[in-house]
Amino acid sequence: MTGAPGTKIGFVQAGRVRGGLRGLDEVIPGDVRVEHVGMDVVMDFTIKSSYDANRPLMGQKERYLQRVPQAVREGGWQGAAVMGWPVQMMNPGIFEELRAALTVPVTMAAPASSTALKAFGARRILLMTPWDDSVDSRLREYLSGAGLEVVSPRSKPYDCIADGLAVRSGQVMELTKQAFHDAGAIQAVYFQAPLASYPVLEQLEQELGVPMITSNLAALWWVLSSLGKRYSISGHGRLLSEWPGVPVSS
């Protein structure tokens, strides 16, 4: 493990901060400090349509463009990750404008994940999320624009985000295995972070033989890589244990 002491990065969450992000706290290297900031946007995840449940994020771009640079300055962050695909989906251009507004490396969930998928040479991927197709279709479109062929499960055992977030890791594993075999010729699996995939990442990699990418871990990998850091963190999937380099085109 390499890296200079005192590296400090920040993760920005759309809602209220209730501790760290799922799957993230236990993988933070000892020489890295992570600060979490919440935008306090309140969403109703019991709404059936995943798109409608995320509507409160619409029109929040200016708040992000003010709050994120402020958090970077006040926190002394050396890099930042603004999490949640719906944030980017509901605020077109936000990623590009954040990059222009900041002098430190910044990423978001989907860009970090697509970069991690490409770092493994994956082109045909399986997309696993807690959402319905009103959000999945837009994420597939984004990933397709990044040069990826994206397949979603034929069906999911939940019909609103609240139920998707409640699915346990054992169920996620079985759903993923079924969708993987249904799709055929999949080169990697992309889990959007709220889905409870972390406890079964390594088992899925061993059984299915392809990398498992999650948005939270991909963001951590991207930010630290952009700061010139490289680690080998076992027990949480190949992205962190192998720590591939960020593709030059990313």
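Data for the structure
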quantity: Candidate set from the stretch 184-193 (those that are more than 16 Å from the chain's Cα centre (by Cα) and of a type outside the set (Val, Ile, Thr)); member that is surrounded by the most Cβ atoms within 10 Å (Cβ to Cβ); calculated: GLN187
quantity: Where ALA196 falls short, out of the listed (1) more than 15 Å from the chain's Cα centre (by Cα); (2) outside any helix (DSSP H, G or I); calculated: (1)
quantity: Test for LEU201: is it buried (at least 21 other Cβ atoms within 10 Å of the Cβ), modelled with pLDDT under 95 and more than 22 Å from SER50 (Cβ to Cβ); calculated: yes
quantity: Close pairs from the stretch 21-34: first surrounded by 14 or more Cβ atoms within 10 Å (Cβ to Cβ), partner of a type in the set (Lys, Arg), Cβ under 9 Å, at least 6 apart; calculated: PRO29/LYS229; ASP31/LYS229; VAL32/LYS8; VAL32/LYS229; ARG33/LYS8; VAL34/LYS8
quantity: Residue in the stretch 161-182 that is nearest to ARG238 (Cα to Cα), counting only those that are of a type in the set (Gly, Ala, Ser) and buried (at least 18 other Cβ atoms within 10 Å of the Cβ); calculated: ALA179
quantity: LYS229 basic (Lys, Arg) and in contact (Cβ under 8 Å) with a residue 60 or more places away in the chain; calculated: yes
quantity: Flag for SER234 being surrounded by fewer than 18 Cβ atoms within 10 Å (Cβ to Cβ), part of a loop (DSSP other than H, G, I, E, B) and without any contact (Cβ under 8 Å) to a residue 40 or more places away in the chain; calculated: yes
quantity: Among (1) at pLDDT 95 or above; (2) surrounded by fewer than 15 Cβ atoms within 10 Å (Cβ to Cβ) - the single one LYS61 does not satisfy; calculated: (2)
quantity: Matching residues, the stretch 1-45, being among the polar types (S, T, N, Q) and modelled with pLDDT of 90 or more; calculated: THR7, GLN13
quantity: Residue that is surrounded by the most Cβ atoms within 10 Å (Cβ to Cβ), among those in the stretch 206-231 that are outside any loop (DSSP other than H, G, I, E, B) and among the hydroxyl-bearing types (Ser, Thr, Tyr); calculated: SER215
quantity: Considering residues of the stretch 234-248 that are farther than 12 Å from MET212 by Cα and aliphatic (A, V, I, L, M) only, the residue modelled with the lowest pLDDT; calculated: VAL248
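The values are calculated or read from the model by the stated rules, or taken from the named source; none is laboratory data. Source: prediction; values computed, not measured. Quick reminder, even Gly has a Cβ in these numbers, built from the backbone with ideal geometry, and neighbours come from all protein chains shown.
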